[in-house]
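Peer 1: Quick one: structure below, then a few questions.
A short reminder: the numbers here are calculations on the coordinates, not readings from a lab. This one's a predicted model, so the numbers in the text were calculated from it and none came from an experiment. Positions of Cβ are backbone-derived with ideal geometry, glycine not excepted, and every protein chain shown enters the neighbour counts.
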Amino acid sequence: MTNSISGFEDAGCIFIIGTNTTACHPLIARRIYRAKEKGAKLIVADPRAIQLTRFADVAVHHRLGSDVALLNGMMHVIIKNGWHDQKYIEERTEDYEALEKVVSAYTPEKVAGITGVSAEDIEQMAELYAKNSPAPLLYAMGITQHTTGVDNVKSCCNLAMLCGNVGIASAGVNPLRGQNNVQGACDMGGLPNVMTGYQPVNDIKTIDKFSRAWGCSLSDKPGMTITDMIPAMLEGKLKGLYIIGENPKLSDPDWNHLNHALKKLDFLVIQELFLSETAQVADVVFSAASSAEKDGTFTNTERRCMKINKAIEPIGNTLPDWEIISRLSTAMGYEMKYDHPEEIFNEMTALTPKSYAGMTYERLGIDGLQWPCPDQNHPGTPYLHKDGFARGKGKFHGIEYKDPAELPDKDYPFFLTTGRMFAHFHTGTMTRVSAHLDVEQTTGYVEINPKDAEVLDICENDILVLSSRRGEMEVPARITRAVPPGTLFLPIHFGENPPNVLTDSTAVDPLAKIPEFKVSAVQVRKLELGLVEKTA
Amino acid sequence: MDYKFVPSVCPYCGTGCGVLFEVIDGKLVGTLPNKTHPVNEGKLCIKGWNMHEFVNSFMRLKQPLVKTFGRFMKTEWDEAIKITADRFKEIIKKHGPDSIGVLVSAKITNEENYLAQKFARAVIGTNNVDHCARL
C-alpha cells in the first residue's frame, strides 16, 4: 500500500475495486465505514454484490475481467470534463500523452458495451472520484489475479495519478495484502529475482555485498517463479522442493496438472502446522511451531513491521521455522547459529539499507514502524512518494483493454470466479480446525443466481457438477443474487470442493505470472442421484 | 495460578491487527484485541477473536514425519533433518543447485523468510525462491 490504513478514515472518496473488504479485511472495512460516517463518498466496482455495495454512493457490477475498460472509461470522462489535476500531472508525472491517446477511444458508451455498466454510472463514478480528493483506491486479488493483472494495476495507478492522488495523505493506490506476512516475505527477498529490500540478484554490487556477508559465492541468474516451477517439475528439471507454510495443492491453479507435477519430484519436504493436502504427498514433513510459540516480526499491508512475542512453549515436538532452517542448513555444511530471532533481524537490517535499516526490536515496540525507515532516527513512513516517486517521475501507461484468456462459449457457458468468505482463510488449514469458525461454514458451496437456478431446475444445496476444460468437481448450490446471472462464485477454502480443479495453470499474466483465478469458463449440471452404475 | 497477556499480531490476513494472547498456566486460552494498537484500535474480526483455536487444535502436527514405503513414520528431529540434508546434497550433486526450489512463506516471520531465502541462495546455491504472493 502506498498509504496507511488509519488514513482511509479521512478520505473524501473511497474507490473499492476487486476487494471484498468486509469479508477479507474486516478491520480495514471498519475504516471505510468510519469514512462514510465522516461524509466520504464510496464507489464500489465488483462483479458480485458484496456487502459494501449496500453502503456505496455508486455501486457497479462490471463483467469479470473488464477492469481495464472500466478504468479507462472513467479516465476518459475525467479528461473530457477537465477534472484531472493538470498541475500534478505537469510537475510529477511523465507520458501523460500516451494515456490520453488511449483513453480517448474509451467513451462511456463503448465501455458500457464491454463492461455491462451503464454510461451514466461510469460518468458518476468518474465525477465522484475526481471531485472528492483525497481519494484512495483499494484493490485486492480481484484486480491482480488476471492474465491482465499488471495492466489492471497500471490502470489503477493511471487513475490515481491523473487526479493527483499519489503522494498525499489518505489517498494512494492500496493493494490489500491477503496474508499476514506476504509483504514481509517479498521484502525479505522471497522472490526469484531480488534479495532483501528488492535489491536485484542480477546486480553485481548486490551479489557482491551478499556474497561477502554470507561468506559464499552466489548466483546472479534470476530463478524460477512458482508458476515456472510446475512445468519444470513435469520436464524433470526441478527434482527437489522445500515448501514452508504453504498448501499449493489447493492454492495453485489446475489441480490435476499440479498433482502430476508433484509426483514427478524426487524429493518433497514440507514445513507445516497441519497435515495439509500438500503435506500428505511429501517425503518429509517438518512439524513447525505456530506464531504464538515464537518471537519475530510480521510486516502488514501498510508496510508496518511489528513484533510478535512468544506466548507459550512450542506445542508437542515442534520447532520454530527459523530453528528448523538453521538446523537443516548446518546439517548441509553451512553453519547457521542463532540464539534468538533478534540476531537474524539485525543481520537482515544491516543488509537492507533503504527500508529496514533503521529498525531494531527495541524501536518496534508494540506499534511497529512503517518502512522506509532508513536510519535509527527515522520515524517511519505513513505514505509513499511524498516528495517524488521512487523512479523520479510517475509514469503513465496507455493501456488497451484485452479479453480474459477464457470467455464463456457454447460448451462452457458460465463465468466462474473464486474468492474468500468471511469465516474462513485461504486453503482453510487454520480456520477449518477452529470450532467457532467451522460452525459458520462447514462445507464448500457455489453461488448461483436464482434465474440460472430456475432454468437448470436447481434447489438450494443440490449437488452441482461444475466442469471446465481442466477438470470437474462437485459442490452444493447456494442460490443468491450476490452473483449476476451467468456467473458463479466458488470460495477457495474447501479441499473437498477444490476450485483449482477447474482453473487454468497456463492462463497467467505474462509479467507477474499470476494465474487468472478470477475468470474461467465452466459448464454446470445437476448431479442426478439414484442408481450409480459401477465402473471398473 | 500463573497468568499473563502477551502482545502479538494476528496471523490471518494482511491487515496486521494487534492482539493480546491470554496465557494461563502456560496454556493459550484466548485472544483479545489490543485497545491502543494503531491498526485495529481494540477491534477484531471473527477469525482474529478465535485465533487461539487453531494453535490448540488436536490436528496440529506434533512430530516430524518421514515417509517410508508410502507411510508416514514419526521421527526425531535429528533424523528428519539428516535425511533431508542428505537427499538435497544428493540432488545437488547429480542435477545441480537449480534443480531444487524453495517456497518461502507469507505466514512465517520476516526473520524466517530471510533465513529461508538465505538457505536457498547460500546453502543450495539457487535463486529458485518464491512464495504464494500470487495466489
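Peer 1: Label region A:350-454 by shape, choosing from rounded, prolate and oblate, from the square roots a ≥ b ≥ c of the eigenvalues of the Cα gyration tensor; if a/c is under 1.5 it is rounded, and otherwise prolate applies when a/b is larger than b/c, oblate when it is not.
Peer 2: Oblate is the answer for region A:350-454, as a/c is 1.5 or above yet b/c matches or exceeds a/b.
Peer 1: Excluding A:Phe425 itself, what net charge comes from residues whose Cβ is under 14 Å from its Cβ, given Lys and Arg +1 and Asp and Glu -1?
Peer 2: For residues surrounding A:Phe425, the net value is +1.
Peer 1: Residues of A:195-202, mean number of Cβ from any other protein chain within 10 Å of their own Cβ, rounded to a whole number?
Peer 2: For peptide A:195-202, the averaged partner shielding equals 2.
Peer 1: Hey, another quick one. Please report the net charge: other residues with Cβ closer than 10 Å to the Cβ of A:Val508, K and R +1, D and E -1. Could the numbers behind the result be given before it?
Peer 2: Values: positive: A:Lys513, B:Arg134; negative: A:Asp228, A:Asp504, A:Asp509, A:Glu516.
Summing Lys/Arg as +1 and Asp/Glu as -1 gives -2.
Peer 1: Give me the percent of DSSP beta bridges within chain A that run antiparallel, rounded to the nearest 5.
Peer 2: So the antiparallel bridges in chain A amount to around 40 percent.
Peer 1: Please quote Rg/Rh for region A:83-173 to two decimal places, taking the Kirkwood radius as Rh and restricting both calculations to Cα atoms.
Peer 2: In region A:83-173, Rg relative to Rh is 0.95.
Peer 1: Moving to a separate point now. How well do other chains shield peptide A:264-270, expressed as the mean number of their Cβ atoms within 10 Å of each residue Cβ?
Peer 2: Partner-chain Cβ atoms within 10 Å, mean over residues of A:264-270: 4.
Peer 1: With Cβ to Cβ distances under 15 Å as the rule, what net charge do the other residues near A:Phe415 carry (K, R +1; D, E -1)?
Peer 2: -4
Peer 1: Turning to a different aspect of this structure: Sorted from fewest to most neighbouring beta carbons within 10 Å, what does the list B:Phe54, A:Phe210 look like? Don't jump to the answer; show the numbers that get you there.
Peer 2: Numbers: B:Phe54 25, A:Phe210 20.
Taking fewest neighbouring Cβ atoms as first place, the list is A:Phe210, B:Phe54.
Peer 1: Same structure again: With equal scatterers on the alpha carbons only and no solvent term, can you work out the Debye log10 of I(q)/I(0) for the protein assembly as shown at 0.07, 0.09, 0.11, 0.12 1/Å?
Peer 2: Taking Cα atoms of the protein assembly as shown as identical point scatterers yields -0.44, -0.76, -1.16, -1.39.
Peer 1: Kindly state, to the nearest 0.05, the FRET efficiency for B:Lys89 paired with A:Glu440, given R0 = 51 Å and r defined as their beta-carbon distance.
Peer 2: Computed FRET efficiency for B:Lys89 and A:Glu440: 0.65.
Peer 1: Still on this structure, please answer the following. Which peptide among B:10-18, A:392-400 comes first, and what is the full order, when sorted by highest mean count of other Cβ atoms within 10 Å?
Peer 2: Sorting B:10-18, A:392-400 by mean packing, highest first, produces B:10-18, A:392-400.
Peer 1: Once the Cα gyration tensor of chain B is found, what semi-axes does its equivalent ellipsoid get, as square roots of 5 times the eigenvalues, in whole Å, sorted largest first?
Peer 2: Working from the Cα gyration tensor, I get semi-axes of 36, 21, 12 Å.
Peer 1: How do the peptides A:337-346, A:300-309 rank, highest first, by the average count of neighbouring beta carbon atoms within 10 Å per residue?
Peer 2: A:300-309, A:337-346
Peer 1: Under 10 Å, Cα contacts only: if you run a Gaussian network model on chain B, which one of B:Gly42, B:Gly101, B:Gly70 comes out with the highest mean-square fluctuation?
Peer 2: Residue with maximal mean-square fluctuation among B:Gly42, B:Gly101, B:Gly70: B:Gly70.
Peer 1: Right, another one. Cα atoms only, region A:423-481: Rg and Dmax in Å?
Peer 2: Using the Cα atoms of region A:423-481, the pair Rg, Dmax is 13.6, 38 Å.
Peer 1: As a quick test, which of the pairs A:Lys131/A:Lys518; A:Lys87/A:Lys513; A:Lys110/A:Lys154 have an alpha carbon distance above 28 angstrom in this structure?
Peer 2: A:Lys131/A:Lys518; A:Lys87/A:Lys513
Peer 1: May I pose another question? For each of A:Leu70, A:Leu275, count neighbouring Cβ atoms within 10 Å of the residue's Cβ, then give the residues from fewest to most.
Peer 2: A:Leu275, A:Leu70
Peer 1: Right, here's the next one. Could you work out, residue by residue across A:376-386, how many beta carbons of other chains sit within 10 Å of that residue's beta carbon, and then give the average as an integer? Don't skip to the answer; put the middle values down first.
Peer 2: Numbers: counts 0, 0, 0, 0, 0, 0, 1, 0, 0, 0, 0.
What the average comes to for A:376-386 is 0.
Peer 1: Which distance in Å, rounded to a whole number, links the C-alpha centroids of region A:382-433 and region A:124-191?
Peer 2: Cα centroid to Cα centroid, the span is 10 Å.
Peer 1: Still on this model: So for A:Lys294, A:Lys41, fewest C-beta neighbours within 10 Å to most, what's the order? Before the final figure, lay out each step's value.
Peer 2: Working: A:Lys294 25, A:Lys41 21.
In order of increasing Cβ crowding within 10 Å: A:Lys41, A:Lys294.
Peer 1: Still on this structure, please answer the following. Indicate, rounded to the nearest 5 percent, the antiparallel portion of the DSSP beta bridges found entirely in region A:182-370. Walk me through the intermediate numbers first.
Peer 2: Values: 8 of 18 bridges.
Once the DSSP bridges in region A:182-370 are tallied, antiparallel ones form about 45 percent.
Peer 1: Can you list the residues of region A:486-512 with backbone N under 11 Å from a point 7 Å past the Cα of A:Thr480, pointing along Cα to Cβ?
Peer 2: A:489-491
Peer 1: Between region A:468-497 and region B:67-135, what is the C-alpha centre distance in whole Å?
Peer 2: A separation of 35 Å, based on Cα centres.
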